Amino acid sequence: MAKKLSKRLLAIAEMVDPGAYLADVGSDHALLPIHLVSTGKISWAQAIENKTGPFLHMQSAVTDAGLSSHIGCSKSDGISSLYDGVDEIAICGMGGLLSCDILEAHPEKLTCIKAIIMDPHRDLIAVRKRVTALGFHIADETMVNEDKVFYSIIKFVKGKPTTPYTNLDLSFGPVLRKKRGETYERWIALQLKKTNLLLNQPLSKEAREHYLAVYRALRDELKANQSDSK
Ligand SMILES: C[S@@+](CC[C@H](N)C(=O)[O-])C[C@H]1O[C@@H](n2cnc3c(N)ncnc32)[C@H](O)[C@@H]1O
């Protein structure tokens, strides 16, 4: 029987377009493609791993699920060996900066890619900037909290943003800032509290300036939420 997906992986699965040909980069136990193919949301996937142990787990999970004819398993680095026809990429469960390095290593492989789904829980500004620079815009975002970690799940879609992202958009997510939701509000309030605590500690001049800027951005975001909801 297919394993139950975590809240985070379910939110990622939600963002995959029905009928997509998905490459799941760093697939580990191939939970995402197995779920998507076995529920019929997609028919074909490529699961990719660059390490022998996870590759072998992934291969046996796909075989055990009886899906070897629908999910191809590749032992390769990042997106270096995408199958022809792959049109969406999930690159989840690894650092945001590493995920960007993987995408930037083969820009030519992104020509036929319509969407990229990522779930960085840090380095979000860099992720939003770097993937946008590869010719994508942020079409959807959601935030989930699992095991005390807040994950922003971002769906990038091919094409430029209609208007350039502001600093607040890059920090908090242009779509999340509009959609908000209880998890997002909780995250902003928590970040504000943590930054305030840091500002009450002895800090170098540079660190104080940095955290003051973060504090102001968070406060502006909270204010924007409050004035919009009036
Ligand atoms: C923590 S697992 C994430 C599994 C799953 N994607 C998820 O979101 O739960 C990260 C996986 O990425 C794989 N990985 C790291 N760098 C990679 C690369 N350059 N190419 C392919 N896989 C990579 C690791 O071997 C590891 O199994």
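What follows is calculated from the coordinates using simple rules that are stated; it is not laboratory data. These figures come from a predicted structure and were not determined experimentally. In this analysis, Cβ positions are derived from the backbone assuming ideal geometry, glycine residues included, and neighbour counts consider all displayed protein chains.
Between the listed residues 57, 142, 29, the Cα displaced farthest toward the positive end of the dipole of the chain, a dipole computed from Cβ unit charges relative to the Cα centre, is found at 142. Which chymotrypsin sites (Phe, Trp or Tyr not before Pro) from the range 67-153 combine a DSSP loop assignment with at most 14 other Cβ atoms within 10 Å? Counting only loop positions with at most 14 other Cβ atoms within 10 Å, the chymotrypsin sites (Phe, Trp or Tyr not before Pro) in the range 67-153 are 83. Given +1 at the Cβ of Lys and Arg, -1 at the Cβ of Asp and Glu and no other charges, the dipole of the chain around its Cα centre is 900 debye to the nearest 20.
Computed over the alpha carbons of the chain, Rg followed by Dmax gives 19.0, 60 Å.
Annotated for the range 7-169: lysine pairs at least 8 residues apart or interchain, Cα distance under 23 Å, count 20.
Each stretch of four or more DSSP H residues adds -39500 (n - 2.57); spread over every residue of the chain, this sum gives -13500 deg cm²/dmol at 222 nm.
Phi angles of the range 166-175 translate, via the Karplus equation with coefficients 6.51, -1.76, 1.60 and θ = phi - 60°, into HN-Hα couplings of 7, 4, 5, 4, 5, 6, 10, x, x, 7 Hz per residue; Gly and Pro are given as x.
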